[in-house]
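Notes follow the structure.
The values are calculated or read from the model by the stated rules, or taken from the named source; none is laboratory data. Everything numeric here is computed off the predicted structure, so don't read it as measured data. Glycine gets a Cβ as well: all are built from the backbone with ideal geometry, and neighbour counts include every protein chain shown.
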Amino acid sequence: MRADLRFKETQKFTQWWLWLIILAPIVLTTINLVSTIISLYGGSISNDSSNVSISWISGRISMVQFIFVLIYVATILFLALSKLKVLVSDKEIKISHLLFFQKVINLSDINEAKKIDYDFVGYGIRKTKKYGTVYNVKGKKGVALTLTNGKKYLIGSKKPTELLAAISS
C-alpha cells in the first residue's frame, strides 16, 4: 500500500483542556501527599518514635481506591497512546482508531464525498443520524462520505481539502 499512497494523516488527543481535566486529580493527590508528609515531619507524629516511615500509606489505601487508581492510569495511557490514522491509497481508505479498531472503505464503493464543517459530535467513534459513523479526534472539519449502499461516514481531519482530493482523484 505504501507505493500507491495518496494521503496520510495521524491525529492524537492533544487538546490542553482535555489533559487538564485528566491530570487535575494527579496534581491534587500530589499536593495532598506532600502536605501529609510535611505534617509527619512537622512534629505532629502521634508516637514517640523518631523513625518516620511511610507505612501509613499502606494502612490508608483501600482496595476500591487501588482499583480506581489502576483504572485512572489505564485511562491516561489509553488516551496518550490513542490516535486516528487515515491512509488513502489508489483502492481504499484505511481508518485506524483507538489502538485496536480498523475500518477499510473501498474507493469504488463511494457514491459521494464532500468536505464539511460540522458541529461538535464528540470524540472517538460515534453514530449520528446526520453523518452516520463518525471518526473524530479533534476539530470540526472533515470529509463526509456516502457509499453506494447508503451508509454514511464522517472522517475528522485537520487537512480536509487534501483528504478529499486524495479520495476524489
Flagged in the range 136-164 as modelled with pLDDT of 95 or more, hydrophobic (A, V, I, L, M, F, W, C) and over 14 Å from Ile116 (Cβ atoms), in numbering order, are Leu147
*Kindly check whether there is at least one residue in the range 100-118 that is closer than 13 Å to Gln11 by Cα and part of a strand (DSSP E or B).*
no
Of those in the range 1-54 that are within 19 Å of Lys83 (Cβ to Cβ) and charged (D, E, K, R), the residue modelled with the lowest pLDDT is Arg2
Over the range 142-158, the set of residues under 20 Å from the mean Cα position of the chain (by Cα) and either closer than 14 Å to Lys83 by Cα or surrounded by fewer than 17 Cβ atoms within 10 Å (Cβ to Cβ) (or both) is Ile155, Gly156, Ser157, Lys158
Those strands (runs of 3 or more DSSP E) completely within the range 121-169 that have 1 or more residues that are within 21 Å of Lys8 (Cβ to Cβ) and touching a Pro at 6+ places or on another chain (Cβ under 9 Å) are 141-147
Restricted to the range 72-93 and to residues being surrounded by 16 or more Cβ atoms within 10 Å (Cβ to Cβ) and touching an Asp or Glu at 6+ places or on another chain (Cβ under 6 Å), the residue farthest from Ile155 (Cα to Cα) is Ser89
If we keep only residues of the range 94-116 that are farther than 12 Å from Leu154 by Cα and in contact (Cβ under 8 Å) with a residue 60 or more places away in the chain, then the residue surrounded by the most Cβ atoms within 10 Å (Cβ to Cβ) is Leu107
Selection from the range 127-141 of residues surrounded by 14 or more Cβ atoms within 10 Å (Cβ to Cβ), of a type outside the set (S, T, N, Q) and either within 21 Å of Leu18 (Cβ to Cβ) or under 11 Å from the mean Cα position of the chain (by Cα) (or both) yields Val134, Tyr135, Val137, Lys138, Gly139, Lys141
Scanning the range 117-126 for residues that are surrounded by 13 or more Cβ atoms within 10 Å (Cβ to Cβ) and aromatic (Phe, Trp, Tyr), the one nearest to the chain's Cα centre (by Cα) turns out to be Tyr123
Subset of the range 84-132, residues within 22 Å of Glu162 (Cα to Cα) and basic (Lys, Arg), comes to Lys85, Lys91, Lys94, Lys103, Lys114, Lys115
